[in-house]
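Okay, so here's the structure we're looking at.
The values are calculated or read from the model by the stated rules, or taken from the named source; none is laboratory data. Fair warning: this is a prediction, and the values are worked out from it, not measured in the lab. Cβ placement follows ideal geometry from the backbone for every residue including glycine, while neighbour counts extend to all protein chains displayed.
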């Protein structure tokens, strides 16, 4: 079994008894967004190993300037706990702090923070260092500007929370590793997705499954930009695809609760680290991985891995823009197909959305009918 990133799989989750005692305590409290609370849960579950808490100022600066933790371990996006300046007032280093998550239904317990440091941060420097831009049309920059002014750092223990929408498909790193070990896979490849599957995805997944023992398909569930498919729809679409077209003993389907940051190459490295912590030896990295708009060159997320030969998980990089070629009668790209564009059927998300709205049906060269039936049955398949 591949080692967790940094050598140890972190497990810092509160028991029910500990959480109840914490909720009844008179310790200082802060409230954070749902995305920040999910980051704390991911720390506790080991998704962000070797982190044991949101990063301090030394780690923050090292990540932005070098793409590594001060120890030299690869790490490209600071995981932070941000609060408004007025929330941070009166919090002293060395104290214990109870962290609550703000939800539509009120507040719920998220984590127990052993506060070691509080510091203000430069939001413009954060945006430049992570997203490579300060352009406010970038959704990650918008999210950064909306953060509180103060970052709290120190070890945390988090409350485990499973979303009922994904029951049975919300596995922790330790649970995925147990499946891999039970099945005896020596090599496991991860497929990161934030979208519903088309035939091009399926072809790619099956190609790499011919190279590795097992495949982890892991859709991200969490905050996405308007117009993306909703989390439940993505999971249901993959269930339909796998039930009809994949051998179940070679697959694991599990969601990864975390927000899309749209950080292009920096996020591609983080996606690899998170899948390494789940026990994967390989990860598929394709064109415009974790990109948005035209903020990153199409193959930036592929090229960044040359900077991390010590990452410990092997990227399988897929170059080129894929389509179905009628003449080749198969999935092709400009790197493999000599035929003119008139022979090509593009994998167009815009076209799929238009067909959903118009009542049309995509050709089978683009999307499996079982998958499209799931999309059509969804009352509201898109993020508003």
Residue count for region 32-54, restricted to those that are assigned to a loop (DSSP other than H, G, I, E, B) and either in the same structural domain as residue 259 (by TED's automatic domain parsing) or in contact with a strand residue (DSSP E or B) (Cβ under 6 Å, 6 or more places away or on another chain) (or both): 2
Failed criterion for residue 61 (all others in (1) surrounded by fewer than 20 Cβ atoms within 10 Å (Cβ to Cβ); (2) assigned to a loop (DSSP other than H, G, I, E, B) hold): (2)
Which listed residue, of 319, 250, 326, is farther than 26 Å from residue 352 by Cα, surrounded by fewer than 21 Cβ atoms within 10 Å (Cβ to Cβ), touching a helix residue (DSSP H, G or I) at 6+ places or on another chain (Cβ under 8 Å) and in the same structural domain as residue 345 (by TED's automatic domain parsing): 250
Qualifying residue in region 181-190 (condition: free of Cβ contacts under 8 Å to residues at least 40 places away in the same chain, surrounded by 15 or more Cβ atoms within 10 Å (Cβ to Cβ), in a loop (DSSP other than H, G, I, E, B) and in contact with a strand residue (DSSP E or B) (Cβ under 7 Å, 6 or more places away or on another chain)): yes
Selection from region 17-37 of residues that are within 16 Å of the chain's Cα centre (by Cα) and closer than 18 Å to residue 154 by Cβ: 36, 37
Check on residue 208, more than 30 Å from residue 362 (Cβ to Cβ) and in contact (Cβ under 8 Å) with a residue 40 or more places away in the chain: no
Breaking point among (1) buried (at least 17 other Cβ atoms within 10 Å of the Cβ); (2) assigned to a loop (DSSP other than H, G, I, E, B); (3) assigned by TED's automatic domain parsing to the domain that holds residue 51, for residue 100: (2)
Filter result for residue 11 (within 20 Å of the chain's Cα centre (by Cα), over 23 Å from residue 151 (Cβ atoms) and not assigned by TED's automatic domain parsing to the domain that holds residue 177): yes
